[in-house]
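The values are calculated or read from the model by the stated rules, or taken from the named source; none is laboratory data. Note that the structure is predicted; figures quoted are calculated from it, not measured. Positions of Cβ are generated from backbone atoms using ideal geometry, with glycine treated the same way; all protein chains shown enter the neighbour counts. Heavy atoms of the whole protein, side chains included, go into the accessibility calculation; ligands, DNA and RNA do not. Shrake-Rupley method; radii C 1.70, N 1.55, O 1.52, S 1.80 Å.
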Amino acid sequence: MLMLLGINHADGRRSRNMYRSLRYYKRQRWLRQIYFGFKVAVAATLLLYLLVPVLFRFSPFIQRHLVFLPFVRWPYGVNFSDPESEGLEGGRNFYLEPEADSTIGVWHFLPKSEIEKSRNQPEDFWDESLRNSGKHIIIYMHGNSGSRAGEHRKELYKILQNEDFHLVTFDYRGYADSKQIPPSETTTVQDGLFVYKWVRSILGPEPTGIHVFVWGHSLGTGVSSHVVSKLCVEGDPPSAIILESPFTSIGEEVKNHMLSALWRHMPFFDSLFVHPLKANDLGFETDKRISTIDIPILILHAVDDPVVPFFLGEKVRFNSIS
């Protein structure tokens, strides 16, 4: 009996030792896997940190798509030919052609006081109302991503309609149902100028007492300020320009955007991220354009704007009065 008990104790010690060895081996293997994963993560992060600036610097395609976000097609399933299907009354859809075989989709909304009169009227009614209703006109140039059917944009249209304005809004080429070309500062400004001059052609050469205002939002402030600076030089400016969430230049906006925080303090940041934008027709230098604008300017900017920092709007204001 004593011999059997001794054998059992010895077997028990061997079992415990084997169990401890197995646990130690598993723990070591687990630690080695974590360490390997950590090294891979650090290497991938470092590679990403270095690769992103290089890709951005040498790829106009990436620059253009990050500035304009034309691939963000929201909301989906929009029937642009029928604004009423988007919950908007008194609207019509049509197309203008800034260049041969290159169209832009346009919406024109009547003031609230004209909507009831438009029932069962031919399309000519909208031109006649624009010319003869005596109501002032706002040309709206939207920001990047989405389309003229964006939800927040539609809410603004309704507000301006209720204030009894005519509203004309459009999608730059590269967006929505407009001609699909790679957008640039040049093409978006061409589109804005063409829409403005179309409105002027409807009003005719004789003074009518109708004011035309240009309203740009976010990226649209870069477009609209460039458009209006050209019109001021040509001697055919609108009555005023409204800049909602403006920035000084797209380079400074990129530098202060929350997504650039990881690279902002990198040496040669400007050479990698800022200078290529101007070189590839993506500069949108509102701070320079605004010096030639000699009409009233209204700037709207939220203090807590998470995309375009408030201080950039303040700099635009300072440049406009200095």
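How much net charge surrounds Glu97 when only the other residues with a Cβ under 11 Å from the Cβ of Glu97 are counted, with Lys and Arg +1 and Asp and Glu -1?
Values: positive: Arg173, Lys179; negative: Glu99, Asp101, Asp191.
Taking every other residue near Glu97 into account, the sum is -1.
May I ask you to give the percent of accessible area on the chain that is carbon plus sulfur, with a probe radius of 1.4 Å?
Exposed carbon and sulfur together represent 60 percent of the surface.
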Per residue accessible area of the range 180-322, 1.4 Å probe, in Å²: 46 Å²
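For an R0 of 25 angstrom, estimate the FRET efficiency from the Cβ-Cβ distance between Asp164 and Asn120 and round to the nearest 0.05.
Working: r = 22 Å, r/R0 = 0.87.
Calculated value: 0.70.
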Neighbour-limited loop hits for chymotrypsin sites (Phe, Trp or Tyr not before Pro), the range 40-114 (at most 10 other Cβ within 10 Å; DSSP other than H, G, I, E, B): Phe71, Tyr76
Just want the answer: with Cβ charges of +1 for Lys and Arg and -1 for Asp and Glu, which residue in Phe284, Val67, Phe38 is farthest toward the dipole's positive end in the chain? Phe38
Using alpha carbons only, how many degrees (0 to 90, rounded to 10) separate the axis of helix 185-203 from the longest principal axis of the chain? 30 degrees
Rg/Rh (Cα only; Kirkwood hydrodynamic radius) as it applies to the range 147-304: 0.99
Starting from the Kirkwood Rh over alpha-carbon pairs, what translational D in µm² s⁻¹ does the range 31-90 have by Stokes-Einstein at 37 °C and 0.692 mPa s? 207 µm²/s
Estimated inter-spin distance, Ser260 and Lys278, nm [label 7 Å along Cα→Cβ]: 1.3 nm
Label-point gap, in nm, between Ile62 and Thr103 - each point 7 angstrom along Cα→Cβ: 3.6 nm
If you average the C-alpha positions of the range 138-215 and of the range 31-88 separately, how far apart do those two centres end up, in angstrom? 28 Å
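Residues with beta-carbon under 12 Å from that of Pro70, excluding Pro70: net charge, scoring Lys, Arg +1 and Asp, Glu -1?
Local charge sum for Pro70: +3.
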Rounded FRET efficiency, nearest 0.05, which uses the C-beta distance separating Leu96 from Leu300 and R0 of 25 Å: 0.40
Partners for Lys255 among lysines (Cα-Cα distance below 26 Å; same-chain residues under 8 apart left out): Lys278, Lys288, Lys315
Per the 1/(1 + (r/R0)^6) rule, R0 = 25 Å and r from the Cβ atoms of Ala41 and Ser145, FRET efficiency to 0.05 is 0.20
Tilt of helix 219-234 relative to the longest C-alpha principal axis of the chain, in degrees (0 to 90, nearest 10)? 30 degrees
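Show Met141, Met266, Met258 ordered by accessible area, largest first, where the area counts protein heavy atoms only and the probe is 1.4 Å. Don't jump to the answer; show the numbers that get you there.
Numbers: Met141 0, Met266 25, Met258 120 Å².
Result of the area sort, largest leading: Met258, Met266, Met141.
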Taking placed amide H atoms and a strict 5 Å upper bound, the residues 5 or more places from Val78 or on another chain that come that close are none
